[in-house]
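Structure first, commentary second.
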Amino acid sequence: MSDDVGAARTRTVTWRDTREGVRAAKTLSGLEYLRAIARGELPPAPIAVVLGFELKEVAEGRVVFEVAPGEHQYNPIGTVHGGLAATVLDSAMGCSVHTLLPVGTAYTTLELHVNYVRPILWDSGPLLCTGEVLHLGGRVATAQGRLTDASGKLYAHGTTTCMLLRPPSPGGRE
């Protein structure tokens, strides 16, 4: 942080058109889709670009995002806003579910629970957010996530419940 209290700061964010990724998501399994994003072949979600997190690892039932906290994410009391931790946890846990979904199946978060265990500061260093599937059923999946620093110190953890949006089966019944 600058010692110049009155200094204005600027942040410019640029992202790619989301339509390419939306089209690809309908033709790839969740695992293939997320691996294409991690390789840079498909654009990341704009929210990841705006908040500054990046998909680093993708495996069946597990993903890892990296986020670098910054002053631009601060709340009025001088710590990184809890929304950053909640958003990256929601993304990691949801994407871990997505890795197990076949072509044509989507998901949405039904419930998100986050526990904050220590404040995140601009100098906390890069944080890793790991999401892992706990249960994958026919209509519902659950996952857990952990937000840690490079030494493994825990900053926040959470759980999610996701609704699976499967395509209609032949005959019109889901």
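The values are calculated or read from the model by the stated rules, or taken from the named source; none is laboratory data. All figures in this text were calculated on a predicted structure; none of them were measured in a lab. So basically every Cβ, Gly included, is an ideal-geometry build from the backbone, and we count neighbours across all protein chains shown.
Results, tabulated for the structure shown:
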| quantity | calculated |
| --- | --- |
| Considering residues of segment 59-77 that are in contact (Cβ under 8 Å) with a residue 60 or more places away in the chain and assigned to a strand (DSSP E or B) only, the residue surrounded by the most Cβ atoms within 10 Å (Cβ to Cβ) | V63 |
| Where a residue in segment 5-18 is free of Cβ contacts under 8 Å to residues at least 60 places away in the same chain and its partner, wherever it lies, is surrounded by 10 or more Cβ atoms within 10 Å (Cβ to Cβ) and in a loop (DSSP other than H, G, I, E, B), with Cβ under 6 Å and at least six apart | R16/P43 |
| All positions within segment 24-40 that are assigned to a loop (DSSP other than H, G, I, E, B), over 17 Å from A59 (Cα atoms) and of a type outside the set (V, I, T) | K26 |
| Selection from segment 127-152 of residues that are of a type in the set (D, E, K, R) and farther than 16 Å from F65 by Cα | R139 |
| Criterion (within 16 Å of the chain's Cα centre (by Cα), modelled with pLDDT under 95 and not in a loop (DSSP other than H, G, I, E, B)) met by exactly one of G94, G21 | G21 |
| Test: E41 is surrounded by fewer than 18 Cβ atoms within 10 Å (Cβ to Cβ) and within 14 Å of the chain's Cα centre (by Cα) | no |
| Within segment 100-174, strands (runs of 3 or more DSSP E) holding 2 or more residues that are free of Cβ contacts under 8 Å to residues at least 24 places away in the same chain, loosely packed, with under 13 Cβ neighbours inside 10 Å and out of contact with any helix residue (DSSP H, G or I) (no Cβ under 9 Å at 6 or more places or on another chain) | none |
| Some residue of segment 58-65 being touching a His at 6+ places or on another chain (Cβ under 9 Å) and aromatic (F, W, Y) | no |
| Selection within segment 94-111 - in contact with a Cys (Cβ under 8 Å, 6 or more places away or on another chain) and either among the acidic types (D, E) or farther than 14 Å from Y33 by Cα (or both) | T108, T109, L110 |
| Qualifying positions in segment 19-38 - of a type outside the set (A, V, I, L, M, F, W, C), exposed (fewer than 13 other Cβ atoms within 10 Å of the Cβ) and free of Cβ contacts under 8 Å to residues at least 40 places away in the same chain | R19, E20, R23 |
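So that you can scan it fast, the table gives a plain yes or no per residue for (1) acidic (D, E); (2) in contact with a Ser or Thr (Cβ under 9 Å, 6 or more places away or on another chain); (3) at positive phi:
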{"site": "H135", "(1), (2), (3)": "no, yes, no"}
{"site": "G138", "(1), (2), (3)": "no, no, no"}
{"site": "D149", "(1), (2), (3)": "yes, yes, no"}
{"site": "Y155", "(1), (2), (3)": "no, yes, no"}
{"site": "M163", "(1), (2), (3)": "no, yes, no"}
{"site": "P167", "(1), (2), (3)": "no, yes, no"}
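Condition check ((1) under 20 Å from W122 (Cβ atoms); (2) among the aliphatic types (A, V, I, L, M); (3) modelled with pLDDT under 95; (4) over 16 Å from the mean Cα position of the chain (by Cα)) across all residues:
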residue	(1), (2), (3), (4)
A7	yes, yes, yes, yes
L34	no, yes, no, no
V58	no, yes, no, no
R62	no, no, no, no
E71	yes, no, yes, yes
